[in-house]
Structures are given as structure tokens and as C-alpha cells.
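Below is one structure, written out as C-alpha cells, with a few remarks after it.
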Amino acid sequence: MTRSILDEAHIHPAIRQDISDRHADIVGEVQAAIASNAVVVVGMTQNPFPRKACKALDAIGATYKYLEYGSYLSQWKRRTALKMWTGWSTLPMIFINGTLIGGASDLQRLIASGEFAGMIAKGA
């Protein structure tokens, strides 16, 4: 299954570069973190779910990189670029070995099932 993405043929040529460049720095920063860390958690202040994800990782002694971008009232436009890039609409965004696994509850399910440990071992 692939997610639906607006075909470039349906984007006016005059705005294609603007779409490509808009907040590319934040996407690049997350991509760099994913390339150099087995586990990356992308979150924001005031949101309890990134904290839950970090606590779950801390509880099992997992090493991870945490990136924090603003709060409910700040940096929302920059975070929107991440949401558009991933297709995941909420925070946290958790990546394991470069794969987006979802949010805090998705992480907790992977830990409980033992799949998290398998994913980490596979990437090592």
C-alpha cells in the first residue's frame, strides 16, 4: 500500500521550487539524525506523548536521539513540513533504523511484543 501524494503534474510549475524548499532545513536535520542514530524521537514541548515515548525508551535502557521543535504555539509551520514529509500527522514521530514506526503507543506495542528489540538487533 502506498499513501496518496499529490502528483507533481498537478502542482503548478511556479510553486514547485517553493514547495521543495519550504522548511527543508528541519527535514534535513531529522534525516541526518535518522542516518546517524538507531532510534530518533521527534517531539515538542507541552505535548505529553513525546515524554511518554522517551520514558518507555529510558525504561528499557535504549539509546536514542531526541529532537524537539517548538510548542503548540511555536514552530508549527516547521513541524508541518515534517508531517508532510512523513505523512504522520502527530508527535512524536519515532524512527527505528530509518523506519517511521508511529508514535508513543506504537512504540509501546513494539516494546511489549519484543519487536523493538528485534528491530534494533537487525539494524546493529
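The values are calculated or read from the model by the stated rules, or taken from the named source; none is laboratory data. What you see is a predicted model, and the numbers here were worked out from it, not measured in a lab. We place every Cβ from the backbone using ideal geometry, glycine too, and count neighbours over all the protein chains shown. Side chains are part of the model used for accessible areas, which takes the heavy atoms of the whole protein and leaves out ligands, DNA and RNA. Shrake-Rupley method; radii C 1.70, N 1.55, O 1.52, S 1.80 Å.
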*Among the residues of the range 25-41, how many are of a type in the set (A, V, I, L, M, F, W, C) and either assigned to a helix (DSSP H, G or I) or in contact with a Leu (Cβ under 6 Å, 6 or more places away or on another chain) (or both)?*
7
*asked:* So for the range 42-52 (the condition being surrounded by 17 or more Cβ atoms within 10 Å (Cβ to Cβ) and either more than 18 Å from Ser105 (Cα to Cα) or among the β-branched types (Val, Ile, Thr) (or both)), does at least one residue qualify?
replied: yes
*Does Leu67 satisfy being of a type in the set (A, V, I, L, M, F, W, C), under 23 Å from Gln46 (Cα atoms) and part of a strand (DSSP E or B)?*
yes
*asked:* Consider the range 11-23. How many of its residues are open to solvent by 100 Å² or more (accessible area, probe 1.4 Å) and over 22 Å from Trp88 (Cα atoms)?
replied: 2
*Among the residues of the range 42-62, is there at least one that is in a loop (DSSP other than H, G, I, E, B) and in contact with a Cys (Cβ under 9 Å, 6 or more places away or on another chain)?*
no
*asked:* Take Ala81 and tell me if it is touching a residue at least 12 places away in the same chain (Cβ under 8 Å), surrounded by 12 or more Cβ atoms within 10 Å (Cβ to Cβ), of a type in the set (Gly, Ala, Ser) and touching a helix residue (DSSP H, G or I) at 6+ places or on another chain (Cβ under 7 Å).
replied: yes
